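For reference, the structure is listed below as structure tokens.
The values are calculated or read from the model by the stated rules, or taken from the named source; none is laboratory data. Small disclaimer: the values here were computed from a predicted structure and weren't measured. Note that each Cβ is placed from the backbone with ideal geometry, even for glycine, and that neighbours are counted across all protein chains shown.
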Amino acid sequence: MAIAAVTTSALSQLIANFAPEKYETAINLASPVFASNLIEKEDADGNEIEVTLLGGANPSTTWVLDNGTLPLGHAPTPVIARALPAFIVSKLTMGRGASIAKLSDKQLSNIFEATLEQAAEHCGQVIGRALHGGSIAPQAGAVWSGIVADATVTVPFLDVSLFRPGAAYDFLDASGPFAFVVRCVSVTPAALGANSDNVAGNVVFVNDVPRPSTGAVIELTDTTVATGDSFRARGETVGFGGALTLTGAAINSFNSIAGASPGASFMGVSAAQFPGWLGQYKAASAAYSQELVVGFMGRMHQQGGAYPNVAIMPPQLVGAHVAATGVHGAMFGQTNTISASRPMTVDKSADKFGNVYENGGLKIGGASIVQDPNCIATRAVFLHNSKTKIAVWKKMGPAEEAGDPVMVGRTTYSNEALVEGGYQLYTTKRGTVGVLDSFTGL
């Protein structure tokens, strides 16, 4: 009894003392957007973020003659946009046999550290990807091996940036129309269509995620995976045979601010309610060029009222950005075909690209580039950091029950700990966020 008591106490202390720091470190490593000081994280007060929106221009502004008649004043009707916290939970589970077997504190510590490491790394990836949002559609159709539990399918994608082996995803079957929760088994690079194996690939999924309320795996509607179907991060739909409707459980994303539907409702306000409430979006449908990007940034400044000072790019696009230096793309109706070769100063490492992937100080059009592996591989995001921020209600840390972070498992013979956090991405001026999408040739 004494040894078991010491073991349980040690586990509680490990979780209380090390889980917050481990998760914070893992999130910063997995999500450069979170780690970057370029995007401000601020402590949130109250149960929501409120943003008062007013018209972008004042119609009473005019030139007047000396002693001329002044215009009538104009008081715009304010519209309130609201952002509620999004909560993310990571469950750590360890068999209770560790206590019964009377493991030493060191043995338990080793098991706990491995469990915590895996959970924290994946949580960081989930948060990092959720900031970008969006769904991934198959590049071509595929067929499940069946509709029952443990059925598998291999799906080709032009962009596999969303998927991590072992992670669960929402599979949106448009023909159902239902959403299911399936698990990624493997990701294999494959040169497909408009992109190379740096971006494209084949993903194997298995239908083996049990529904929490029943413990049973839900059967699929049919065996077809069509190009009209899509995959999202787990939790964006109810899943398990539920409706396709997004639940709003995930954090707001750059995609929801300025994705392919830049006028859709955001923070409870639609463009119909507030005409200026629009994100900036453009499908490039072309290879990367700095001219194309700077032209889009100029459009953002003109239409959104602020020139972006932060650019978020995936690694493949950062590589294309560096390689494109010295190459002129098509712009202003002209196409240049000058050589990419030019003399460059190279340090003793003979690395012509330098420190590209670790805070390399890269910029585009004056905006600082944040290289983020969670960003959709064919997309770049632009923003002005005085207008778009991340609100923090609670950093990742353990939930407690009667003052103890260790709880007895509710569904399995185990000890459990819940690590939770509350965050939200919000903007005070939607037009200062832009998405340049569908780059090819990566």
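Worth pointing out:
- Note on region 255-279: residues that are β-branched (Val, Ile, Thr), crowded, with 19+ Cβ neighbours inside 10 Å and in the same structural domain as residue 325 (by TED's automatic domain parsing) amount to 0.
- Identity of the residue in region 355-380, touching a residue at least 60 places away in the same chain (Cβ under 8 Å), hydrophobic (A, V, I, L, M, F, W, C) and out of contact with any Gly (no Cβ under 7 Å at 6 or more places or on another chain), that ends up nearest to residue 87 (Cα to Cα): 375
- Of all residues in region 396-406 being in a strand (DSSP E or B) and crowded, with 16+ Cβ neighbours inside 10 Å, the one that is nearest to the chain's Cα centre (by Cα): 396
- Matching residues in region 408-442 - criterion: being out of contact with any Lys or Arg (no Cβ under 9 Å at 6 or more places or on another chain), in a strand (DSSP E or B) and buried (at least 20 other Cβ atoms within 10 Å of the Cβ): 424
- Within region 431-442, being under 20 Å from residue 129 (Cα atoms) and in contact with a helix residue (DSSP H, G or I) (Cβ under 7 Å, 6 or more places away or on another chain) holds for 433, 434, 435, 436, 439, 442.
- In region 227-263, the residues that are among the aliphatic types (A, V, I, L, M), within 20 Å of residue 84 (Cβ to Cβ) and in contact with a Ser or Thr (Cβ under 7 Å, 6 or more places away or on another chain): 238, 246, 257
- Residues satisfying the stated conditions in region 367-395, i.e. among the charged types (D, E, K, R) and either assigned to a loop (DSSP other than H, G, I, E, B) or farther than 22 Å from residue 88 by Cβ (or both): 372, 379, 387
- Test for residue 57: is it out of contact with any Asp or Glu (no Cβ under 7 Å at 6 or more places or on another chain) and over 14 Å from residue 392 (Cβ atoms): yes
- Residue match in region 396-414 (condition: under 22 Å from residue 253 (Cβ atoms) and in contact with a Phe, Trp or Tyr (Cβ under 8 Å, 6 or more places away or on another chain)): yes
One line per residue, one yes/no per condition, for (1) without any contact (Cβ under 8 Å) to a residue 12 or more places away in the chain; (2) assigned by TED's automatic domain parsing to the domain that holds residue 367; (3) crowded, with 18+ Cβ neighbours inside 10 Å:
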position: 281; (1), (2), (3): no, yes, yes
position: 286; (1), (2), (3): no, yes, no
position: 292; (1), (2), (3): no, yes, yes
position: 296; (1), (2), (3): no, yes, yes
position: 299; (1), (2), (3): no, yes, no
position: 302; (1), (2), (3): yes, yes, no
position: 305; (1), (2), (3): no, yes, no
position: 311; (1), (2), (3): no, yes, yes
position: 316; (1), (2), (3): no, yes, yes
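- Scanning region 40-53 for residues that are surrounded by fewer than 14 Cβ atoms within 10 Å (Cβ to Cβ) and closer than 17 Å to residue 266 by Cβ turns up 50, 52.
- Test: residue in region 177-197 that is free of Cβ contacts under 8 Å to residues at least 12 places away in the same chain and either not small (Gly, Ala, Ser) or not assigned by TED's automatic domain parsing to the domain that holds residue 119 (or both): yes
- Meets criteria (crowded, with 18+ Cβ neighbours inside 10 Å, charged (D, E, K, R) and over 21 Å from residue 130 (Cβ atoms)) for residue 387: no
- Residue list for region 222-239, restricted to those being within 21 Å of the chain's Cα centre (by Cα) and in a loop (DSSP other than H, G, I, E, B): 229, 234, 235, 236, 237, 238, 239
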